[in-house]
Amino acid sequence: MSNKIEPKVVKSWLSDGKEIAFIDIRELGQHTAGHPFFSISIPFSVFEFSLETLVPNKKTRLILMDNDNEISNFVCKKAVSIGYLNVFVIEGGIKQWTKEGFNLFDGINVPSKTFGELIEKKCHTPSITAKDLHEKQSNNENCVVIDGRPFDEYKKMSIPNSICCPNAELALRVPSYINDENTQIIINCAGRTRSIIGAQTLIEFGLNNTIKALENGTQGWFLANLELEKNQTRQFKDQKVFKKNETISNKASQLIKKYGLKKVSLKQINIFFSDKTRTTYIFDITTHSKNSRCNDLNIKNVPGGQLIQATDNFIGVQNSRIILVDEGDLIRSSMTASWLKQMG
């Protein structure tokens, strides 16, 4: 059977419910300038290095797309040589894709960012402008700004007086540190997606506070000609040992039931990984992973907020199995899983 495939066949495969990895092998700049919505970027220059991480099951349907310059044929042979069994090349590459009337989307992490916009529209997530937040701070109003990005990103630049608490940690940590229901909570990130998802996470959790997303995050703050801080280290204190909390446990159980999530045992995980017909990913989604057991089991640490913000950087196969691990609280894994489930 020829490994050439027409774009219209790929379009039908993308919605057939079976596992598929749709890979744009052009360089990242070309990918961000315009690519099919569900394609992931694995540039030719790093293809061999990245492929087995993003597409671990070598029986997965692999679709390769280039600029119609025959590079896909070379990459196809390389993929087959390292054991991939179902590799296809789009006839005519990106040119044929657009010629047949299929759209391209610019930017990076497009599905995740689109999802954030859809959540804001569906849930009517409240927001606040940089100017209005600055006025609240100037008037010493009862409000707290929480930065939902990872700590390294937070240190580079941050909203004045904000506290770093990455998105996946919000539901676990914020209720313990903000006891006054009159305190307004503002969630920010660098742009929009994590602000929206972070604010909606706390709303979904059920806090009675007024909760808002900062419009356009630190970018919006900068564009409003307001000063950003640098090299700040403010964080909610890390819990050394997770303590059982009935409220947290109940909220996690509600999320698991609401979104049809499944709890799995180590025995079941072993069965999943022994099943060579399916792709299974497993992630430790805690922010400060010190779990040596996870390291022993080759579980990749990807903080939950980043997994939602940039899903296509870590999960290359649609319709795959995803297992999330936290430290036993279940609120972090169930909240992250609920967003991934809603994302599809």
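The values are calculated or read from the model by the stated rules, or taken from the named source; none is laboratory data. Keep in mind that this is a model prediction, so the values were computed, not measured. Methodologically, a virtual Cβ is constructed for each residue, glycine included, from the backbone with ideal geometry; neighbour enumeration extends over all protein chains shown. Only protein heavy atoms, including side chains, enter the accessible area calculation; ligands, DNA and RNA are left aside. Shrake-Rupley method; radii C 1.70, N 1.55, O 1.52, S 1.80 Å.
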Revision key, fill the gap. Once amide hydrogens are built 1.01 Å from N within the peptide plane, the residues lying 5 or more places from Ser127 or on another chain with amide H under 5 Å from its amide H are Ala213
Review point. Under a 5 Å amide H to amide H cut-off, with H placed in plane at 1.01 Å, what residues pair with Ile20 once short-range neighbours are removed?
Key: Gln318
Practice item. Before rounding to the nearest 500, sum -39500 (n - 2.57) across all DSSP H runs of length at least 4 in the chain and divide by the residue total; then give [θ] at 222 nm in deg cm²/dmol. Key: -11500 deg cm²/dmol
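Where in the stretch 48-108 are there trypsin sites (Lys or Arg not before Pro) that are in a DSSP coil and have at most 15 other Cβ atoms within 10 angstrom of their Cβ? Could you put the intermediate results ahead of the total?
Working: sites: Lys58, Lys59, Arg61, Lys77, Lys78, Lys95, Lys99; in loops: Lys58, Lys59.
Those satisfying the criteria are Lys59.
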**Study point:** Proximal aspartates and glutamates relative to Lys59, as straight alpha-carbon distance under 20 Å, when same-chain residues fewer than 8 apart are discounted
**Key:** Asp16, Glu19, Asp24, Glu48, Asp275, Asp312
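For a 22 Å ceiling on Cα separation, which of these pairs sit above it: Lys131/Lys230; Lys11/Lys78; Lys258/Lys341; Lys121/Lys262; Lys4/Lys78?
Details: Lys131/Lys230 20 Å; Lys11/Lys78 24 Å; Lys258/Lys341 11 Å; Lys121/Lys262 28 Å; Lys4/Lys78 15 Å.
The pairs that break the limit, which is 22 Å between Cα atoms, are Lys11/Lys78; Lys121/Lys262.
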Review point. Using a probe of 1.4 angstrom, how much of the accessible area of the chain is carbon and sulfur, in percent?
Key: 51 percent
Check your understanding: Within a Cβ distance under 13 Å of Lys155, other residues only, what is the Lys/Arg minus Asp/Glu net charge?
Key -> 0
Check your understanding: Pulled fully out, how much extra length does the chain show between Ser81 and Asn245, if you take 0.36 nm times their separation in residues and subtract their Cα-Cα distance?
Key -> 53.9 nm
Practice item. With θ set to phi - 60°, apply the Karplus curve 6.51 cos²θ - 1.76 cosθ + 1.60 along the stretch 70-87 and write out the HN-Hα couplings as whole Hz, x wherever there is a Gly or Pro. Key: 6, 5, 4, 5, 5, 5, 4, 4, 5, 4, 5, 5, 9, x, 6, 9, 10, 10
Review point. Say the cut-off is 19 Å between C-alpha atoms; which of Lys136/Lys212; Lys58/Lys263; Lys113/Lys156 go over it?
Key: Lys58/Lys263; Lys113/Lys156
Practice item. For Asp147, list long-range residues whose amide hydrogen, built 1.01 Å from N in the peptide plane, is under 5 Å from its own amide hydrogen. Key: Ile163, Cys164, Cys165, Asn188
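May I ask you to derive the FRET efficiency for Lys258 and Glu52 from their Cβ-Cβ distance with R0 = 41 Å, giving the value to the nearest 0.05? All intermediate terms of the calculation are to be shown ahead of the outcome.
Working: r = 35 Å, r/R0 = 0.85.
So, using R0 = 41 Å, E works out to roughly 0.70.
What does the extension gain come out to for Asn319 and Ala33, with contour length at 0.36 nm per residue minus their alpha carbon separation? Provide the component values of the computation, followed by the final result.
Numbers: separation 286, 0.36 × 286 = 102.96 nm, distance 2.62 nm.
100.3 nm is the gain from fully extending Asn319 to Ala33.
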